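Engineer: Here it is: the structure, laid out below.
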Amino acid sequence: METKVSYTLVGLFVLVLGATLAAGAIWLTADFTTYDYETYSVYSRESVSGLNRNSPVTYRGVTVGRIRDVRLYDDDPEQVHILVDIRPGTPLREDTLAQITSQGLTGISLMELTGGTVDAAPPPQPDGEPYPVIGTAPSLISRLDDALTQGLRTLESIEESIRAVLSEDNLTAFGNILGNVDELTTELTTTTRRLDGVLEGANKLLDDTGELGTRLPETLARVDDTLLSFQTLAQDLGVAGNEVAIASREGARSLDELGRATLPQLNELMREIEDLTSGMSRLANELAENPNLLIFGRPRREPGPGEE
């Protein structure tokens, strides 16, 4: 005979077992301790999605309370009014901040309390407020949203700047600049070639100057020898001129005596000879003082008043 199974009893057994397991889990995890909570108000302009009644409130990771109520603020619909119940003795201060954080990937949010200087006063209770008010800090999602928004705005600004730079007018101007750069490059190439020629000429000039410098001492030595020869010649001419002058004076006296007895023309001839010898003597003296007269001649006398 086949055993008949009662599916009704099996289903009932499964339901009872599931309820027992759920009750056991709740009993193990739930805190049935009764506290006299202190209520605080928190005002937030951020989204409180995932934050519900009885959501935990932690202080530095330790659960210290729960969310009592979440509702829109009557006086300002842009704000959310959150009432939190905090265990007595929790070190809340006026610089303590409330921040909404997410629990992993579950989408469930909790409120995290941070900060609080030891010497600071307790959270203030403004006039008209039924409970003390705890300040808020932006959540991670809010900060990421602000950063992404700012980043998108920056990208949009960069895009507009790029479009302005790559406008048709700017592209035309950029093309003109490239053309001018090409022309400038060509001119620089030509100038460089000319400069190479100038440098070659300068090098040749330096070589010629070096050769001239090598030959210059020899040339100057020859000039010194020539001037010395002219000086010796001038001295010899001076001596000869003096001797001629002496002889002419003696001859003049003799001829004078002879002229008294002979023809007067002879006396005139002797005077001319004497003038000639005097001129030769002066020439010899001038050559002795300035041998360059044989090469360059006498300097031109400047015209006097009334002369051309």
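The values are calculated or read from the model by the stated rules, or taken from the named source; none is laboratory data. Keep in mind it's a predicted model, so treat the numbers as computed, not measured. Cβ placement follows ideal geometry from the backbone for every residue including glycine, while neighbour counts extend to all protein chains displayed.
Engineer: Looking at GLU46, GLU2, which one is within 25 Å of PRO126 (Cα to Cα) and either part of a loop (DSSP other than H, G, I, E, B) or at pLDDT 80 or above (or both)?
Structural biologist: Of the residues listed, the single one that is within 25 Å of PRO126 (Cα to Cα) and either part of a loop (DSSP other than H, G, I, E, B) or at pLDDT 80 or above (or both) is GLU46.
Engineer: Kindly indicate the residue of segment 120-153 that is more than 36 Å from the chain's Cα centre (by Cα) and acidic (Asp, Glu) and also modelled with the lowest pLDDT among those meeting that condition.
Structural biologist: This residue is ASP145.
Engineer: Could you tell me whether any residue of segment 103-111 is without any contact (Cβ under 8 Å) to a residue 40 or more places away in the chain, of a type outside the set (Ser, Thr, Tyr) and over 24 Å from VAL64 (Cβ atoms)?
Structural biologist: Yes: one or more hits.
Engineer: Right, something else. What are the pairs, 6+ residues apart or on separate chains, where a residue within segment 82-100 that is farther than 13 Å from ARG60 by Cβ has its Cβ under 6 Å from a residue that is basic (Lys, Arg)?
Structural biologist: LEU83/ARG68; ASP85/ARG66; ASP85/ARG68
Engineer: Quick one: would you say ILE108 is modelled with pLDDT of 90 or more and β-branched (Val, Ile, Thr)?
Structural biologist: Spelling it out, it is not the case that ILE108 is modelled with pLDDT of 90 or more and β-branched (Val, Ile, Thr).
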